[in-house]
1. Could you tell me whether any residue of the range 77-98 is surrounded by fewer than 17 Cβ atoms within 10 Å (Cβ to Cβ), within 14 Å of Ala168 (Cβ to Cβ) and touching a Lys or Arg at 6+ places or on another chain (Cβ under 8 Å)?
2. Please go through the range 144-157 and give me each residue that is free of Cβ contacts under 8 Å to residues at least 40 places away in the same chain and not in a helix (DSSP H, G or I), ordered by number.
3. Run Ala105 past the list (1) under 19 Å from Ile29 (Cα atoms); (2) in contact with a Phe, Trp or Tyr (Cβ under 8 Å, 6 or more places away or on another chain) and report the number of the one that doesn't hold.
4. Counting just the residues of the range 1-51 that are over 22 Å from Thr122 (Cα atoms) and among the aliphatic types (A, V, I, L, M), which one comes out surrounded by the fewest Cβ atoms within 10 Å (Cβ to Cβ)?
5. Do you know which residues across the range 21-78 are in a loop (DSSP other than H, G, I, E, B) and without any contact (Cβ under 8 Å) to a residue 40 or more places away in the chain?
6. Using beta carbons and a limit of 8 Å, which pairs, at least six apart or on different chains, have the first residue in the range 121-143 and in the same structural domain as Met34 (by TED's automatic domain parsing) and part of a helix (DSSP H, G or I) and the second one of a type in the set (S, T, N, Q) and surrounded by 14 or more Cβ atoms within 10 Å (Cβ to Cβ)?
7. Residues in the range 98-109: is at least one over 30 Å from Phe58 (Cβ atoms), in contact (Cβ under 8 Å) with a residue 60 or more places away in the chain and of a type in the set (A, V, I, L, M)?
8. Quick check on the range 198-207. Is at least one of its residues part of a helix (DSSP H, G or I), surrounded by fewer than 13 Cβ atoms within 10 Å (Cβ to Cβ), not hydrophobic (A, V, I, L, M, F, W, C) and not assigned by TED's automatic domain parsing to the domain that holds Lys146?
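The values are calculated or read from the model by the stated rules, or taken from the named source; none is laboratory data. Because the structure is predicted, anything quoted here is derived from the model rather than measured. Neighbour counts are summed over all protein chains in view; Cβ atoms, including those assigned to glycine, are modelled from backbone coordinates with ideal geometry.
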Amino acid sequence: MSKYSFSPHQRHAVWTVHLEKCYLCTKPIDLLSMQVDHIIPESLLDSPQELSSVLASFGLSKDFEINSYSNWLPSCASCNRKKSNNIFTPSPLIQVQIESAINKADKAQSIAEKSAKQRDITKALNVLMKAHSEEGLSEEIKYTLKPLVEFQEQERSKENTYYGIRLAPNYEVSPGRQYIIKEITQYLGHEFVLITPPESLVLAFDIVYRDTEKHRMHPSIPINGGAMTGLRSVGLINQENKLTEFGVRVFKTIAAEQKI
């Protein structure tokens, strides 16, 4: 158990700069249940001699700060429990994680300072941290979190553009998926999406999908494999990568909204 008391801004910054996923199992994690892990165990602060030896084994300076963004990474509860206060054996993989934390430390600090200056973000983070992870968030809480979602869209890595923002175990906001659908709809043409029969729209989407797979990034629109995974995860396309009935309805709805 960490002795250090992380502020909501620090937790959010660590989660954001490290792609909103557990650094150990690499699975996406939500901000509310996410735990901050010390790569070099905080418990070593009680054993200065051992700490000095461990830092040396990782090629770190004696003044390396245990409680700093250079030593903090986001973890899911399961991985953090397994890791506990165990000391990693120096290896290329762990070295990469430490270097990542060090390289992103300034960015994390910047995000934390920026969010702390905005009253609505501070309020949203405090409300979220007080919520119960096992319970659904009320509509009032979700409304309070809107400024945080907008802030996250601006600050998160481009790698996460197409994925939902997971604020709690049972609450995910998906502005990225809206972006994907709007891009494809605009590319196909609003009128075409609106008036074409579902079967033809499915065939048109098939072409977009195949071109995306072939080139890894669609040659005409900023859509990649991650975007398609995002659409699949919410049922807009099926396991055969074809638009579902629900997907067709959503595309037509978006086209109508864009046309207005």
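1. No, because not a single residue in the range 77-98 is surrounded by fewer than 17 Cβ atoms within 10 Å (Cβ to Cβ), within 14 Å of Ala168 (Cβ to Cβ) and touching a Lys or Arg at 6+ places or on another chain (Cβ under 8 Å).
2. Leu145
3. (1)
4. Met1
5. Of all residues in the range 21-78, those in a loop (DSSP other than H, G, I, E, B) come to 22-27, 29-34, 39-41, 47, 58-68, 76.
Passing the criteria: Thr26, Ser47, Gly59, Leu60, Ser61, Lys62, Asp63, Phe64, Glu65, Ile66, Ser68.
6. Cβ pairs passing all conditions: Ile121/Ser115; Thr122/Ser115; Lys123/Thr144; Ala124/Thr144; Leu125/Ser115; Val127/Thr144.
7. Of the residues in the range 98-109, the ones over 30 Å from Phe58 (Cβ atoms) are none.
Checked the range 98-109: no residue is over 30 Å from Phe58 (Cβ atoms), in contact (Cβ under 8 Å) with a residue 60 or more places away in the chain and of a type in the set (A, V, I, L, M).
8. Kept after step one, since they are part of a helix (DSSP H, G or I), are these residues of the range 198-207: 198-207.
The next check asks that each one be surrounded by fewer than 13 Cβ atoms within 10 Å (Cβ to Cβ); those that pass are 199-200, 207.
Filter once more, so that each one left must be not hydrophobic (A, V, I, L, M, F, W, C): 199-200.
Pick out the ones that are also not assigned by TED's automatic domain parsing to the domain that holds Lys146 and you get 199-200.
Scanning the range 198-207, I find at least one residue that is part of a helix (DSSP H, G or I), surrounded by fewer than 13 Cβ atoms within 10 Å (Cβ to Cβ), not hydrophobic (A, V, I, L, M, F, W, C) and not assigned by TED's automatic domain parsing to the domain that holds Lys146, so the answer is yes.
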